[in-house]
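Engineer: Have a look at this one.
A short reminder: the numbers here are calculations on the coordinates, not readings from a lab. Computed from a prediction, not measured in an experiment: that's the story for all the values here. Note that each Cβ is placed from the backbone with ideal geometry, even for glycine, and that neighbours are counted across all protein chains shown.
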């Protein structure tokens, strides 16, 4: 199993771009098409926690379905939003990229490059002539 997972809709242009960036960076990753392999409610909840965002920020409010369901007029609980996302995956912001205990919505796609950067401890001293 890879360290990175991308939750995507393969026909989405941003998802395609992130997929390509990962490929070009020679990153080992798993790709999940959540339209054919739905994200279970428990995993959605886990991703929301890793994203550090309220579930409402993961909703595609400009999607026609959002308007058709008149979701802007409703006050829904996190559980109700999760139920809707399980039923209507088009409502989920994408792509979501997960690595360890962190995740991001890679929108715009260039956000993935920063996410891939290795974490450097703040207390690490700068290189000296003797360590170079």
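Engineer: Within segment 61-68, can one find any residue that is crowded, with 16+ Cβ neighbours inside 10 Å and in contact (Cβ under 8 Å) with a residue 40 or more places away in the chain?
Structural biologist: Within segment 61-68, not a single residue is crowded, with 16+ Cβ neighbours inside 10 Å and in contact (Cβ under 8 Å) with a residue 40 or more places away in the chain.
Engineer: Considering only segment 1-13, state which residues are assigned to a loop (DSSP other than H, G, I, E, B) and surrounded by 11 or more Cβ atoms within 10 Å (Cβ to Cβ).
Structural biologist: Of everything in segment 1-13, those that are assigned to a loop (DSSP other than H, G, I, E, B) and surrounded by 11 or more Cβ atoms within 10 Å (Cβ to Cβ) turn out to be 2, 3, 9, 10, 12.
Engineer: Residue under question is residue 52, and the condition is that it be out of contact with any strand residue (DSSP E or B) (no Cβ under 8 Å at 6 or more places or on another chain), touching a residue at least 60 places away in the same chain (Cβ under 8 Å), within 27 Å of residue 116 (Cα to Cα) and surrounded by fewer than 17 Cβ atoms within 10 Å (Cβ to Cβ); does it hold?
Structural biologist: no
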